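Structure record follows, encoded as C-alpha cells.
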Amino acid sequence: MPADTQQLTFFLEWIKHPLQMASVLPSGQPLARMMISAMPDEARCVIELGGGTGVITEALIRHGVSPSQLLVLEMNQTMHAVLRRRFPQAQVLCADARHVNELAQRTGVLAPAGADAILSSLGLLTMPPQWQHDIVSAALAVLRPGGVFVQYTYGLRSPLDEKVRQQLRLRCTRVGVVWRNLPPAQVFAYVREDG
C-alpha cells in the first residue's frame, strides 16, 4: 500500500474517530525501525497493539518475524480490514487491547514461554490510568520473562502513568527520539523489574 494511501486512510479514520486515535498520521518507517531495535535480538513471537495501516507490521515481517508468530490487534474496523488484506498470513484481530492475554491464548500464536515482545502504537498518554493498567497488565500476562513492552509517544515523557508503572513493577528505558517522524516521537521500553 503506497505511503500516501496509508496516510489518507489513517487521516480519514481520525476524522471519524478522533478520540480513538493517537495521531492524525500513521507512524513512519524510521519510527518502526526504532521500535524494532528495542526488541530482544532473538524475538520471534511478537504482538502488535494498534496495527493502524501496517507500517510497523510490515517492518516486523521484513525484520524476520514470521507472520504465523505475529498477532496484530486493531480496534478500528476500517484499518482492521486494511491489515487483513495486507497481511493474510498474520493473525489480525479487530479487538480491544485490554483482552490481549485472552486473544493471544485463543489464537495459539504464542511461543511456549510467551511473547518475546509487544509493540504498542496505542495512545496510552491520553488514556486514564485504569485503562493503561488494564492494557499493560493484560500484555504482561502473555510476555515471557525478559520480554519487552515497547511504546512510542508524541509526548515529552513516558506515556505510562508513574503509579501504573510502579504497580506493575516496570523498569522504563527511553530508547530514543525519532525526529524524522511526523510528529517526532519518543520510544520507551518497559521490562518487569523481577524479569
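Worth a mention:
- Formal net charge of residues neighbouring R44 (Cβ-Cβ distance under 13 Å; K, R +1; D, E -1): -2
- For region 146-195 versus region 28-72, the gap between their alpha-carbon centres in whole angstrom: 16 Å
- Within the listed set R144, R84, R157, the residue fluctuating most in the Gaussian network model of the chain (springs between alpha-carbon atoms under 10 angstrom) is R157.
- Between Q89 and Y154, the C-beta separation translates, for a Förster distance of 30 Å, into a calculated FRET efficiency of about 0.45.
- An oblate overall shape is assigned to region 74-113, the ratio a/c of its alpha-carbon gyration tensor axes (a ≥ b ≥ c) being 1.5 or greater and a/b not exceeding b/c.
- Estimated [θ] at 222 nm from DSSP helical runs (n ≥ 4, -39500 (n - 2.57)) normalised by residues in the chain, nearest 500: -10000 deg cm²/dmol
- Among V136, P159, C94 - extreme Cα towards positive end, dipole of the chain, charges at beta-carbon: P159
- Oblate is the label for region 76-154. Its Cα gyration tensor axes, ordered a ≥ b ≥ c, give a/c of at least 1.5 and b/c at or above a/b.
- Spacing of the two label points (7 Å from each Cα toward its C-beta) at R106 and E42, in nm: 3.1 nm
- Of all DSSP beta bridges in the chain, antiparallel share, percent nearest 5: 45 percent
- Evaluated with a Cβ-only charge set (Lys, Arg +1; Asp, Glu -1), the chain carries a dipole of roughly 140 debye about its Cα centre, given to the nearest 20.
- In the elastic network of the chain, a GNM with C-alpha springs shorter than 10 Å, the most mobile of L93, L182, L160 is L182.
- The length gained by stretching the chain between D96 and Q77 to full extension, at 0.36 nm per residue less their Cα-Cα distance, is 5.7 nm.
- Solvent-accessible area, 1.4 Å probe, carbon plus sulfur percent, for the chain: 54 percent
- Highest-fluctuation residue, L110, L168, L31 considered, GNM on the chain with Cα pairs under 10 Å: L168
The values are calculated or read from the model by the stated rules, or taken from the named source; none is laboratory data. Being a predicted model, the structure only gives us computed values, none of them experimental. For neighbour counting, all protein chains shown are included, and Cβ atoms are generated from backbone atoms with ideal geometry for every residue, glycine included. What goes into the accessible areas is simple: the full protein's heavy atoms, side chains included, and nothing from ligands, DNA or RNA. Shrake-Rupley method; radii C 1.70, N 1.55, O 1.52, S 1.80 Å.
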